[in-house]
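Asks: Sharing a structure below in structure tokens format, with a few things to ask.
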């Protein structure tokens with residue numbers, strides 16, 4: 001079945017540091033890939049998505065590229081801010097339901 | 001921006017008691033979902049609901065669970081006889097379409113259930 005493996009944290013960075021959160025997947029067919037973010041006290045929000053191989057999703061300075069050859073969808077940001085402190089979830093979906101990774105808690109210090 | 005709202009935000013219940021978690025999906029959405037996350041584990045799909053019936057459910061969603069859309073706006077998850085292992089964050093979600101590839105699933109803030 002479909003599964004997602006993502007880098008586990010927690011991770012603490014200083015402001016303006018470079019961020020990479022690794023995500024790899026196993027899937028049949030051609031799923032879409034997603035990054036969701038959960039800020040403290042809030043629900044899961046879609047951060048970005050990619051629906052086919054080589055697509056790049058981007059939002060709020062975050063980027064992730066759908067790599068079919070390495071079955072990966074790593075999340076990157078060049079310069080994190082304190083406001084990026086949150087839990088980040090990688091997910092895949094090919095039908096109604098989403099399959100999530102465990103989530104990674106990021107704390108950014110000033 | 002429209003949002004999915006859930007109540008309660010936190011509930012503590014005794015083992016064996018019935019619990020109802022409530023959700024108000026986004027008003028023009030047609031597909032509704034429940035997911036849960038046991039502390040330290042993955043967010044797991046429980047059930048999807050469309051046109052007043054369950055369209056897909058996971059192995060977790062056994063006979064102790066049920067869902068209902070009682071009045072056209074609320075979407076509820078009932079756990080009939082709670083067990084300790086039901087302690088988790090329960091997320092309600094909704095979407096306009098069932099195609100995750102071209103569609104956004106909107107999640108609520110979650111209801112944290114603690115069974116003691």
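Asks: Can you give me the ranges of the strands (runs of 3 or more DSSP E) entirely in the range A:1-80 with at least 2 residues that are within 14 Å of chain B (Cβ to nearest Cβ) and in contact with a strand residue (DSSP E or B) (Cβ under 9 Å, 6 or more places away or on another chain)?
Replies: A:3-6, A:23-26, A:32-38, A:44-50, A:56-59
Asks: Follow-up question, since we're still on this one. Taking only pairs six or more apart or across chains, which ones have beta-carbon atoms under 6 Å, a first residue in the range A:35-60 that is surrounded by 19 or more Cβ atoms within 10 Å (Cβ to Cβ), and a second residue that is assigned to a loop (DSSP other than H, G, I, E, B)?
Replies: Listed pairs, sorted by first residue: A:43/B:108; A:43/B:109; A:50/A:66.
Asks: Please determine, by comparing only the residues of the range B:27-49 that are surrounded by fewer than 17 Cβ atoms within 10 Å (Cβ to Cβ) and within 14 Å of another protein chain (Cβ to nearest Cβ), which one is farthest from the chain's Cα centre (by Cα).
Replies: Filtering first and then ranking leaves B:40.
Asks: Of the residues that sit in the range B:2-16 and are loosely packed, with under 14 Cβ neighbours inside 10 Å and part of a loop (DSSP other than H, G, I, E, B), which one is farthest from the other protein chains (Cβ to nearest Cβ)?
Replies: Once the filter is applied, the top-ranked residue is B:16.
Every number in this text was worked out from the coordinates using simple rules, so none of it is lab data. Owing to the predicted nature of the structure, the values given are computational and were not obtained by experimental measurement. Neighbour counts are summed over all protein chains in view; Cβ atoms, including those assigned to glycine, are modelled from backbone coordinates with ideal geometry.
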